[in-house]
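Q: Next up is a structure, given as C-alpha cells.
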Amino acid sequence: MKYVPRIALFLAIPALLFLLPWWTLIGATTEGPLFWFGSAAFLAGFACLPASMFLGHGPRQSDAASIVGDTLLGVMWVVFSWSVIGNIVGLGLALGGVDDPTRSRIVAIGVLAIAAALTVWGVIEARRVPRVRTLDIAIRGLGPALDGLRMVVITDTHYAALDRLRWSEKVVDVVNAQQPDIACHAGDLADGSVAKRHPQVDPLGKIEAPLGRFYITGNHEYFGDAPGWIDHMTSIGWQPLHNQHETITRGDDRLVLAGIDDPTGVGLPGHGPDLPAALAGADPDAPVVLLAHQPRQVAEAAAAGVALQISGHTHGGQIWPFHYLVRLEQPVVAGLSRHGDTQLYTSRGTGFWGPQLRVFAPSEITVLVLRSA
C-alpha cells in the first residue's frame, strides 16, 4: 500500500500531459472516425510513456525504452505547454466573438504547427555542438600573475542511451581550441554505469589544460555509480575534487580551486558535500573558486567567503517553460549572479538529460576568464 501514492503520481503526470493536448487537438475539433483514431493514438501514448520510462530508468535500464520514453516526454511537454497557451488564446477569441468550431480549429492548427516546429528545432539545438560563451569575471584578491587565467567549463554532459561518441569528440576539439589553462567538469557526467557509458566519456581524456583538469560529481552520478565514475575520470587524467581543493600557482600568486560533492551523495558513505573539508588547509589569503553542481549550494559558499562558485544542474530549464519550475528549487537558472560577496556562474549545460530537446535554453561550453579585481 505504501507504493500507491507513488504509482498514482507516476500515472497522474502522463495523464495531465496527454489530456489537455487531446482536448485541444482532438476532443474539441474532430468527430467521427478522426475523433476515434486520434483518441486511440493519445491513449496509446498515455500507456506508452510510463511503461517506457519505467523500463528505461527502472531496474531493467533498457536503452531502447529510455530513448522512446524520454523523447515522448519531451514532445508531450512541448505540446502540453502550447496547448495551455492555445486555450488562453481561444478564450480571447471567444471574448472577441469568434464562435466554435472555427475558434477551436484555429487554436488546434496553431498549437500543432508551433509544437511541431519547436520540436524539430529543439532536437537540432540539443544535438548540436554547443556554442562557446566567453565571460570575464573579476575575482577579488586575484594576483596579477593569474590575471587572464582561462577556465573552460563543461557540465551536464549526461552521456546516456543515445550514443554521442562523435559529439563528445567534437566537444573536446572545441574545448581545446579555447586554449584553457584549467578545464572543469561540474557534474552530471553520465547516466548509467561506467561499463555502458565509458566509450562516450573517454574522449574527455584528450582535453588539454596545462594547470589541470578537474571534475566533481552531480546528482546523476549518485543515481548510478559515483565511486566508479570518480575512479574512471582519474584513469583518463582528470582530478576529482571529492570535497577537496588544489592550489593553482603562477609566479608568486595563488588561487584555490575547490570542489564539493552533490547533496544527493549524502546517502552514500563517505559522500555528500563538505565545504569545510574541501577548504581545510587552504591558503586563507588566496581567493577561492568552488565547483558545486547545484546553484543552491551558493548559500554555504557565500558564508565561507568563496569568491566564485561554478555550477550547472539547471540546464537553463532545457525545454521552455520548464525553467519556471526549476526556479522554484534553485536561486538561479542560468548566467552570472551575485550572492553577497560571492559570485555564482550557472551554466546551461553542455549536453541534455532525457528528452533530446532544447527549446529556448541553448547548451554552452563556457570560457571564464578570471580578472584581477
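The values are calculated or read from the model by the stated rules, or taken from the named source; none is laboratory data. Everything numeric here is computed off the predicted structure, so don't read it as measured data. Because the Cβ atoms are built from the backbone with ideal geometry, glycine has one as well, and the counts that use them run over all protein chains shown. Note: accessible area is taken over every heavy atom of the protein model, side chains too, but ligands, DNA and RNA are not part of it. Shrake-Rupley method; radii C 1.70, N 1.55, O 1.52, S 1.80 Å.
Q: Rg(Cα) of segment 1-144 divided by 2.2 N^0.38 Å?
A: 1.42
Q: Okay, next question. Roughly what % antiparallel, to the nearest 5, for the DSSP beta bridges in the chain? Walk me through the numbers on the way to the answer.
A: On the way: 17 of 48 bridges.
Just about 35 percent of them are antiparallel.
Q: In a Gaussian network model over the chain where Cα atoms closer than 10 Å are linked, find which of 126, 28, 160 has the largest mean-square fluctuation.
A: Of 126, 28, 160, the most mobile in the Gaussian network model is 28.
Q: List every residue whose amide H lies under 5 Å from the amide H of residue 350, counting only residues 5 or more places away in sequence or on a different chain, with H placed 1.01 Å from N in the peptide plane.
A: 155, 156, 157, 364
Q: What fraction of the Cα pairs in segment 155-205, stated in percent, has a spacing above 14 angstrom?
A: 52 percent
Q: If you plug each phi of segment 319-332 into the Karplus form 6.51 cos²θ - 1.76 cosθ + 1.60 with θ = phi - 60°, what whole-Hz ³J(HN,Hα) values come out, in order, with x for Gly and Pro?
A: 10, 4, x, 5, 4, 5, 6, 4, 5, 5, 9, 10, x, 9
Q: For residue 114 and residue 89, compute 0.36 nm times the residue count separating them, minus their Cα-Cα distance, and round to one decimal in nm. Walk me through the intermediate numbers first.
A: Details: separation 25, 0.36 × 25 = 9.00 nm, distance 1.35 nm.
Result: 7.6 nm gained on full extension.
Q: Still on this structure, please answer the following. What is the percent carbon and sulfur in the accessible area of the chain, measuring with a 1.4 Å probe over the protein chains and ignoring ligands?
A: Here it works out to 63 percent.
Q: Taking every pair of alpha-carbon atoms in segment 113-213, what share in percent sits in each 10 Å bin, from 0 to the bin with the longest distance?
A: For segment 113-213, the pair-distance distribution reads 13, 38, 29, 15, 4, 0.
Q: A further question on this structure: Most fluctuating residue of 97, 335, 122 in a GNM of the chain with Cα springs under 10 Å: which is it?
A: Per the Cα network of the chain with a 10 Å cutoff, 97 tops the list.
Q: Taking H placed 1.01 Å from N in the peptide plane, check which residues at least 5 places from residue 191 or on another chain put their amide H under 5 Å from its amide H.
A: 159, 160
Q: Just to be sure I follow the definition: excluding the sites themselves, where is the longest run in the chain that has none of the GluC sites (Glu not before Pro) in a DSSP loop with at most 13 other Cβ atoms within 10 Å?
A: By the stated rule (loop sites, at most 13 other Cβ atoms within 10 Å), 32-207.
Q: From the phi of every residue in segment 355-371, what ³J(HN,Hα) in whole Hz does the Karplus formula 6.51 cos²θ - 1.76 cosθ + 1.60 yield, where θ is phi - 60° and glycine or proline is x?
A: Each residue of segment 355-371 in turn: x, 7, 9, 9, 10, 6, 8, x, 6, 8, 10, 10, 10, 9, 9, 7, 10 Hz.
Q: OK, next. Could you list the trypsin sites (Lys or Arg not before Pro) in segment 59-105 that lie in coil according to DSSP, counting only those with at most 16 other Cβ atoms within 10 Å of their Cβ? Mind dumping the intermediate values first?
A: Numbers: sites: 60, 103, 105; in loops: 60.
Listed in order of number, the matching sites are 60.
Q: Tell me the per residue accessible area of the chain using a 1.4 Å probe; a whole number in Å² is fine.
A: The answer is 44 Å² per residue.
Q: In whole Hz, with x marking every Gly and Pro, tabulate ³J(HN,Hα) for segment 214-229 from phi via Karplus 6.51 cos²θ - 1.76 cosθ + 1.60, θ = phi - 60°.
A: Values, residue by residue: 10, 9, 10, 7, x, 5, 6, 4, 7, 7, x, 9, 4, x, x, 6 Hz.
Q: Please compute the length gained on full extension between residue 235 and residue 173, using 0.36 nm multiplied by the number of residues separating them and subtracting their Cα-Cα distance.
A: So the chain would gain 20.3 nm between residue 235 and residue 173.
Q: With labels modelled as points extended 7 Å from the Cα through the Cβ direction, what inter-label distance (nm, one decimal) is found for residue 325 paired with residue 337?
A: The answer from the label model is 1.9 nm.
Q: While we're on this one: May I ask for the equivalent-ellipsoid semi-axes of the chain, computed as the square root of five times each C-alpha gyration tensor eigenvalue and listed largest first in whole Å?
A: After scaling each eigenvalue by five and taking roots: 43, 22, 19 Å.
Q: So how strong a dipole does the chain carry about its Cα centre when Lys and Arg Cβ are +1 and Asp and Glu Cβ are -1, to the nearest 20 debye?
A: Using only the charged Cβ atoms, the result is roughly 820 debye.
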